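This report refers to the structure that appears directly beneath it.
The values are calculated or read from the model by the stated rules, or taken from the named source; none is laboratory data. The structure presented is a predicted model; accordingly, all values stated were derived computationally and were not measured. Positions of Cβ are backbone-derived with ideal geometry, glycine not excepted, and every protein chain shown enters the neighbour counts.
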Amino acid sequence: MSKVFHKDSVLEDPLPYSSALELLMGLADFERSKHSPGHSSFHLERINLLMRHLDEVHHRIPTIHIAGTKGKGSTCAMVTSILSEHGKKVGFFSSPHLHSAVERIRIGSEPISQEDFAGLVREIWPIVEDVSLRGGYGGVTTFEAMTCMGFRHFYNVNADFQVIEVGMGGRLDATNIVSPKITAITSISLDHVGTLGDTIGKIAVEKAGIIKRGIPVVLAPQPAEAREVIYRIANNLESPVIDVEENYSWKDLKSGRQDTVVSSQEFVLASPQGEYNLKVPLAGDYQLENAATAIAVAEALSAMDDDFTFNTNIVGTGLGKVQWKARMEVLGDKNDTSLRIVVDGAHNPYSLERMLRSLGSEFHYDRVVVIFGGLSGHNIYEMVGSFNQMKEDLAGIIVAPSRHPKSASGNELAKMVLDHKFNLIGVSQNVSSALREAKRLVGPNDIILGTGSLSVAAEIREDILGIAPEIYSNFDAVKTVN
């Protein structure tokens, strides 16, 4: 359901947060709608028009723009943390959110307040209505409105830098109107194939769409097909490539598998500027790749920006403070301190396979009970097949639809599990009931793994940590649970 606009709407002052969310979620929301447009329907004209009404403030703050299939959010969080530790005020725009929409707009690791979020909605809403009604490009989307809010907030607080995570793809993503100081592309794999293309090469073209003429691009390790495409596009634009795989190396110093709920990694990283002894409070070997990419971004930024001097002595402190939840995150249970629950928002086969490999190498366990739920638009069937690599340790799978409107049904998920000949423990009505069932089944040296989508991971976190969720219904109404 899309928002019906009325000329010259009058909004409350101050605007309540719940009302602000109702307005935003009433726009076309392709993250949550089951009916997304084809790729040809995406364009940048509408977001450019919106920002012209906002004095194009997105051009006034030095920007780091990061795309990729896997690791772009973690890399953005790491860059933000490193720059913040250098004393810089850093705006960080990311998507989607875990528990609350305010998480998308941060200064450092701190989300914007509900009051400031609502204030931004009130500020931009007349512009949203005007562009939707009279702009000639159709109705503004939820993501476009939030992107404008992020840019406006970072300008309002006089941020030194803004770290902008691409929402989907890159070339036609609403964030791709920035004039970046530097861009970065993290690991590319097959995802959103219905929108971005069904080959690594096609997806790489979309991701490489963020590269700007003459602007350096940091390139994380890539499949050969993606690497070739990105180099070709960068060369055509005369944009220097800072190749992480060629210029950086890292060695994991972990002593072995972990039995505790504390999860972090120590490693040595060699870069063109020297050697670092580092610790990152995130599990998964791929996070070392993301850390190398983030440090490459910071080093490159220092070389081109007189206002930022990279201090090799404090980079480790910045990296050690990074916060990025639901990425191979280990949660304890206050009622059972021996219980280990791992949540990960992996939502494509490649991400899930890498996470499962890391789980097997970094944690000691007897069996794994999986809570799984996927969203339409992703390759759920192949994701389920990824559990073949841990089949001997797999106690079974509980399938559960999340609250997300795109969530596959329990019956759909169950059929995929049975088709792959895995042990189907049960079909739960929701994630919370699946978690209760999993807790009943696990032994003292087992692990519960919640994965398949960020929404599944979020709902497990809410249950375990007592976090009140924001419940969105029918796309044009919202209820905030406090």
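Assorted remarks:
- Restricting the first member to segment 269-282 and to residues that are exposed (fewer than 14 other Cβ atoms within 10 Å of the Cβ), and the second to residues that are of a type in the set (S, T, N, Q), the beta-carbon pairs closer than 7 Å and six or more apart or on different chains are 272/247; 274/312.
- Residue check for residue 183: assigned by TED's automatic domain parsing to the domain that holds residue 52, within 22 Å of residue 74 (Cα to Cα) and surrounded by 24 or more Cβ atoms within 10 Å (Cβ to Cβ): yes
- Single unsatisfied condition, residue 329 versus (1) crowded, with 19+ Cβ neighbours inside 10 Å; (2) out of contact with any strand residue (DSSP E or B) (no Cβ under 7 Å at 6 or more places or on another chain): (2)
- Residue count for segment 396-453, restricted to those that are under 24 Å from residue 365 (Cβ atoms), in a helix (DSSP H, G or I) and either among the acidic types (Asp, Glu) or touching a residue at least 60 places away in the same chain (Cβ under 8 Å) (or both): 7
- A single entry from 382, 392 fulfils the requirement of being assigned by TED's automatic domain parsing to the domain that holds residue 355, under 26 Å from the mean Cα position of the chain (by Cα) and acidic (Asp, Glu): 382.
- The residues of segment 146-169 that are on the phi < 0 side of the Ramachandran plot and modelled with pLDDT under 95, listed by number, are 167, 168.
- When restricted to residues that are surrounded by 15 or more Cβ atoms within 10 Å (Cβ to Cβ), farther than 16 Å from residue 345 by Cβ and not acidic (Asp, Glu), segment 436-471 contains 5.
- Scanning segment 203-225 for residues that are in a helix (DSSP H, G or I) and either farther than 23 Å from residue 299 by Cβ or outside the structural domain of residue 289 (by TED's automatic domain parsing) (or both) gives 203, 204, 205, 206, 209, 224, 225.
- Test: residue 251 is surrounded by fewer than 19 Cβ atoms within 10 Å (Cβ to Cβ) and not in a helix (DSSP H, G or I): yes
- Screening segment 403-431 for residues that are of a type in the set (Ser, Thr, Tyr) and buried (at least 17 other Cβ atoms within 10 Å of the Cβ) and picking the one that is farthest from residue 464 (Cα to Cα) gives 407.
- Where residue 139 falls short, out of the listed (1) crowded, with 23+ Cβ neighbours inside 10 Å; (2) touching a strand residue (DSSP E or B) at 6+ places or on another chain (Cβ under 8 Å); (3) at pLDDT below 95: (1)
- Every residue from segment 313-332 that is among the small types (Gly, Ala, Ser) and within 20 Å of the chain's Cα centre (by Cα): 318, 320, 326
- Matching residues, segment 299-350, being in contact with a Pro (Cβ under 8 Å, 6 or more places away or on another chain), among the small types (Gly, Ala, Ser) and over 22 Å from residue 451 (Cα atoms): 300, 320
- Here residue 93 meets the list (1) farther than 28 Å from residue 276 by Cβ; (2) modelled with pLDDT of 95 or more; (3) touching a helix residue (DSSP H, G or I) at 6+ places or on another chain (Cβ under 6 Å) almost entirely, failing just condition (1).
- Only residues that are free of Cβ contacts under 8 Å to residues at least 60 places away in the same chain and closer than 18 Å to residue 111 by Cα were counted in segment 123-169, giving 3.
- Test: residue 303 is surrounded by fewer than 18 Cβ atoms within 10 Å (Cβ to Cβ) and small (Gly, Ala, Ser): yes
- Segment 341-377, subset crowded, with 23+ Cβ neighbours inside 10 Å and of a type outside the set (A, V, I, L, M), residue nearest to the chain's Cα centre (by Cα): 345
- Of the listed requirements (1) over 21 Å from residue 459 (Cα atoms); (2) surrounded by fewer than 16 Cβ atoms within 10 Å (Cβ to Cβ); (3) not hydroxyl-bearing (Ser, Thr, Tyr), residue 394 misses just one: (2).
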